[in-house]
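Only one structure is covered here, and it is reproduced in the block below.
The values are calculated or read from the model by the stated rules, or taken from the named source; none is laboratory data. All figures in this text were calculated on a predicted structure; none of them were measured in a lab. Here the Cβ positions follow ideal geometry from the backbone for every residue, glycine too, while neighbour counts run over all protein chains shown. The protein model used for the area step is the full one, side chains on, heavy atoms only, and it has no ligands, DNA or RNA in it. Shrake-Rupley method; radii C 1.70, N 1.55, O 1.52, S 1.80 Å.
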Amino acid sequence: MEGGGKENEAKEEGEKENKVNVDVKDAEKQEVGLQEKTAESSTGRRFNVSRLRNLNPYNPLRIAFQGARVPNLSRPPVASRVATPSPAQTAPTPTPQPQQPFNTLSSRSYTNRISLFLFLLHMVAAVGLVFFLGYKAVQGLLKTNSTQRREKRILEFWLPQVEVSAILSIFLAFVWQKAVREWPQIMVRVILWSCFVTSLAAGILLLCFQRATTDVVGVAFICFAVGNGLYACWVSHRIGFCAKVFVKSLEPVPKFSDLNQPTYWMLGIGFMWITLWVVAVIGALNFYFPPLIVIALFLSLAWTAEVMRNVSNLTVSRVIALYYLRGMQSNTQCCFQRAMTRNLGSASLGSLFVPAIEALRIVARGLNLLEGEDEFMFSCAHCCLRVMENIFRYGNGWAYVQIAAYGKGFVQASQQTWELFEKQGMEAIVDADMTSAVCFLTGVCSGSICVLSTASWTWAVHKGFTATVSLLTFFIGYLLTRIGMALPQACVSCYYVCYAENPQNRLFDRTIQDRIEMIKSGQDVVVPTPRFSIPRRFTV
């Protein structure tokens, strides 16, 4: 009987639990039905997701439709249960800091628009003048007088040498570039002494002709050769570091198979323009004021060729700089189009100032070697050095990297680049860099080789043209070779500037840092471009 009583009690408890569950389910169904009816009463309006306005603060998955009744599940506000802090405990509101300007890599603004306008205006005038003078040259050939005979003589004994020198210069440009890329450790020394030998040989050859015009040109070549030899001896302790920088900076070049394509375009355009330019020089001889027109044509050609070189420089600088700064594999064609359009103004402005800056740099280093008690000489040196300091801050050849990477103006890029060098303590290394000198000497070496080949040829066919042909072929050989050497020079510039911007980049080793430490410790001595300083003997 006790066992039967327990079973009855268990059955009664189970029936009570089932009844409670049924009651709960009925209550839930009635609540859902009430919500459905409320939602159906507002079916006159279209249902949008935007009407799901209110989320339950404690159960985000429960959504209340507009106009629906939601059970009041709100809890007491948290603020009523949290003590209000006293005024003394209230933290002061932090002042927002101004954000630093971010350097964008995709700037679409045109840089240095005034210089861009001046260069385009110059090109329009130069093209018009060249075609007009070419027409005058053809017109002179069609006449039957002394003008025709003189122009035929020029075309026969002057024009072929110039064209051959242009072709030879393009070949030498690629030879120098290929040699520097393949054997950078030995080519620095080879270039220094090859330029000395070729310029000395060209000067001796012109002196052997024993004419007044050729003697003047020959003496100029010999003087330059002597200066080149002294410079090669002076920088002999820096050749090893220069070669090491060439090796490290040229490492990314094989990753871009078409990196040399802008150089091909610039050299091809340069060759065609020089051909038209030479015909224009012939026509200028039959026009008014021939000397002034020829000088104007020379200056125009020099500026145009320098802009072509800097366009190649900007293209290579953008490709290599984006690789260092962002690890990007850039499209060389897009970078070339950018250099020809948006950055052309900076290339034009830099082409006017950078050669003058490099010349002043040589003068400043020469003045640094002056010693003596002459106060007048010191005053002149002090004035030149002061000007040199300002020029280096507002215009330098290292600016092309930031122009290409960030689309900055020439002056702004020069200032910020020099500030980066000062921040990293790299002024001594940058001042002692030999890259620009090596590229300059390759141009002089190619020009001297052109003189050696064309001067002998011209002396054999027409002795009167020897001096003019020698000067013109040297000029053409120098310009075209500098265009070809834009690639290694741009790579070295990117190596320095990108290191100054981010020394912790994993793509850089300790080459520059070790050099800085050696200079600071006195283990290596450099002769930097002098800054403004007054000796004690003039301060008393």
Q) Pairs, please: C-beta under 9 Å, at least 6 apart or cross-chain, first residue in contact (Cβ under 8 Å) with a residue 24 or more places away in the chain and in segment 217-239, second of a type in the set (Lys, Arg) and assigned to a helix (DSSP H, G or I)? A) 232/189; 239/189
Q) Which of the residues spanning segment 168-186 are in a helix (DSSP H, G or I) and free of Cβ contacts under 8 Å to residues at least 12 places away in the same chain? A) 171, 175, 178, 179, 182
**Q.** Flag for residue 467 being over 30 Å from residue 402 (Cβ atoms), among the aliphatic types (A, V, I, L, M), part of a helix (DSSP H, G or I) and touching a Lys or Arg at 6+ places or on another chain (Cβ under 9 Å)
**A.** yes
**Q.** Matching residues in segment 304-352 - criterion: being open to solvent by 10 Å² or more (accessible area, probe 1.4 Å) and outside any helix (DSSP H, G or I)
**A.** 327, 328, 329, 330, 331, 342
Q) In segment 392-401, is there at least one residue being modelled with pLDDT of 90 or more and open to solvent by 50 Å² or more (accessible area, probe 1.4 Å)? A) no
**Q.** Matching helices (runs of 4 or more DSSP H) fully within segment 208-303 where at least 1 residues are surrounded by fewer than 18 Cβ atoms within 10 Å (Cβ to Cβ), of a type in the set (Phe, Trp, Tyr) and modelled with pLDDT of 90 or more
**A.** 261-284
Q) What pairs come up if the first residue lies in segment 327-349 and is farther than 26 Å from residue 504 by Cα and touching a residue at least 12 places away in the same chain (Cβ under 8 Å), the second is buried (at least 24 other Cβ atoms within 10 Å of the Cβ) and among the aromatic types (Phe, Trp, Tyr), and their beta carbons are under 7 Å apart, counting only those six or more places apart or on different chains? A) 346/410; 349/410
**Q.** Candidate set from segment 139-189 (those that are small (Gly, Ala, Ser) and surrounded by 15 or more Cβ atoms within 10 Å (Cβ to Cβ)); member that is farthest from residue 241 (Cα to Cα)
**A.** 140
Q. Inside segment 402-418, can you point out the residues that are open to solvent by 20 Å² or more (accessible area, probe 1.4 Å) and within 14 Å of residue 500 (Cα to Cα)?
A. 415, 416
